[in-house]
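Have a look at the structure below, then the notes.
Please treat every number below as a calculation from the coordinates, not as lab data. Here the structure is a predicted model, which means the values were calculated and not measured. Glycine also receives a Cβ, built like all others from the backbone with ideal geometry; neighbour counts cover every protein chain displayed.
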Amino acid sequence: MKYRPFLISKKYFLTAFLAFFCLFGAVMAQDVHASHEGESAHIESVSKEHGEEKFNITEFIFHHIGDSHVFHFWGEGEHWKGLYLPIILYTHNGLVTFSSKAFELNDDGSKVVEVKGMRFVQAHGKIYYANEEAEHGSYVSHEKNKKGKDVITNERPLDFSITKNVFSVFFSVALLLVIFISVANAYKKREGKAPKGFQSLIEPIILFVRDDIARPNLGYKYERFMPYLLTVFFFIWINNMLGLVPFFPGGANVTGNIATTLVLAMFTMILINFNGNKYYWGHIFNPPVPWWLKPLMIPVEMISIISRPFALMIRLFANITAGHILVLSLLCLIFIFNSLAVAPASIFFAVFIGAIELLVAFIQAFIFTILSALFIGMAVEEHAADHH
Amino acid sequence: MGISLAAIGAGLAAIGAGLGIGKIGSSAMEGIARQPEAASKIQTAMLIAAAFIEAVALFAVVVSMIS
């Protein structure tokens, strides 16, 4: 029961800490997805047989993997069922809060909401200051940028809203707290006895993280980093799994959001550099190469400080996003071919990819954790590193 | 035009990553067949190597998604 103390004391502190930073992540995420929105406009849309209804697959997919101010359950139009999430804005006149119900699901900038003498519109999931006059029924002005993409030029308030992703982070953190506090209490209560119930499910996973991830890479110093590794492993895993659930508490694309993965990768970067010993820094500023190679090697080594967390960030983001896009594209095949005959094949492949994604959800959590452990292990290694 | 070029780029990246991960997989299989008792260690090392290769392919996917 060596791992018991940190389970009780640090585990939920770290989880709450993570959640706090992911809040900033979700705010930034909205900017990232902004770049995709304009793109969808000029991709040929696939028209249905009726001719008047258009089905734009790119717009559909990016809408589903993106963030949102509402949590959609089911139904369209007047049968729409879902959760209106609160909007929290930091505007020119200070903090403004209102419910996203005020927009009445309008997403093209034609519904103006007036709060504290300021006027807001929502367009493509983002909040803008509204124009004085409407043009073509919309209160936002568009402009083509250099690449010919349609971009909205209106000013935006700082958006700290509890969006779909933020809500999901809160939900997964609550889930993790419930699971791990109950397991930790079970260890307290049943000290020295065999694990029982939920304990028996969690214990092998924790032992897996300790014996297969932490110990081989960190050596005898593994105990200091176990809280971080366990937190990041379970946080990524549970969010990957919730992302695969197609209905309410799941369904948000948290780990497929580059801002969330950025924050996670930043933690690893901070841990690497704050724990790096003299050998680690010596390797960067005085690499063991002939003197004439040093001007070349020192910049390369310094880039590697950034590039390793950068690769961690992209790997997790792209893997999860690619999985979501793949499942959605397979389902969209039905609407592209506009025939029922495609449906069985489409659904079969979607279920097949879904099963693979279940595996990927675990593997990506594992890869993120083991690479974090590997990089931290390289930074805290005692002897002069001369193996590369 | 831009979209089809991006799709070709993503496809090329997939070919590269497929070759790389295939090589890792075949070598790991060989290794496990020769030394079944080292299977778990080989699997871990295989996953890490595959993750590095995959990352390069995913960079390409992200680039083709953005452009």
Surpassing 22 Å at the alpha-carbon level, of the pairs A:101/A:149; A:294/B:23; A:101/A:126, are A:101/A:149; A:294/B:23
Alpha-carbon centroid distance for the pair the stretch A:175-252 / the stretch A:75-93, whole angstrom: 34
Please list the non-local residues whose amide H lies under 5 Å from the amide H of residue A:141, H modeled 1.01 Å from N, same-chain partners needing a gap of 5 or more. A:153, A:154
Compactness of the stretch A:80-162 as Cα Rg over 2.2 N^0.38 Å, two decimals: 1.10
Specify the inter-centroid distance of the stretch A:108-144 and the stretch B:1-33, based on alpha-carbon positions, in whole Å. 45
Would you grab the residues whose amide H sits under 5 Å from the one on residue A:55? Only those 5+ places off in sequence or on another chain, please, with H modelled 1.01 Å from N. A:46, A:47, A:48
Within the stretch A:72-163, list the GluC sites (Glu not before Pro) lying in a DSSP loop whose Cβ has at most 12 other Cβ atoms in a 10 Å radius. A:76, A:104, A:132, A:133, A:155
In degrees, nearest ten, helix B:39-66 long axis to first principal axis of chain B (Cα): 0
I'd like the Karplus ³J(HN,Hα) series for the stretch A:117-128: coefficients 6.51, -1.76, 1.60, θ = phi - 60°, whole numbers in Hz, and an x wherever there's a Gly or Pro. x, 10, 10, 10, 10, 10, 9, 6, x, 10, 9, 10
Going residue by residue through the stretch A:368-378, the Karplus relation 6.51 cos²θ - 1.76 cosθ + 1.60 with θ = phi - 60° gives ³J(HN,Hα) values, rounded to whole Hz and with x marking Gly or Pro, of 4, 5, 5, 5, 4, 5, 4, 5, 5, x, 5
Viscosity 0.692 mPa s, temperature 37 °C, Stokes-Einstein D of the stretch A:213-310 from Kirkwood C-alpha radius, µm²/s: 205
Return the long-range amide H neighbours of residue A:99 (sequence gap of 5 or more, or a different chain), with a cut-off of under 5 Å between placed amide H atoms. A:87
Which ³J(HN,Hα) values, rounded to whole Hz and listed in residue order, are derived for the stretch A:58-72 from phi using the Karplus coefficients 6.51, -1.76 and 1.60 in 6.51 cos²θ - 1.76 cosθ + 1.60 with θ = phi - 60°, glycine and proline given as x? 5, 4, 4, 5, 5, 5, 6, 8, x, 8, 8, 8, 10, 10, 7
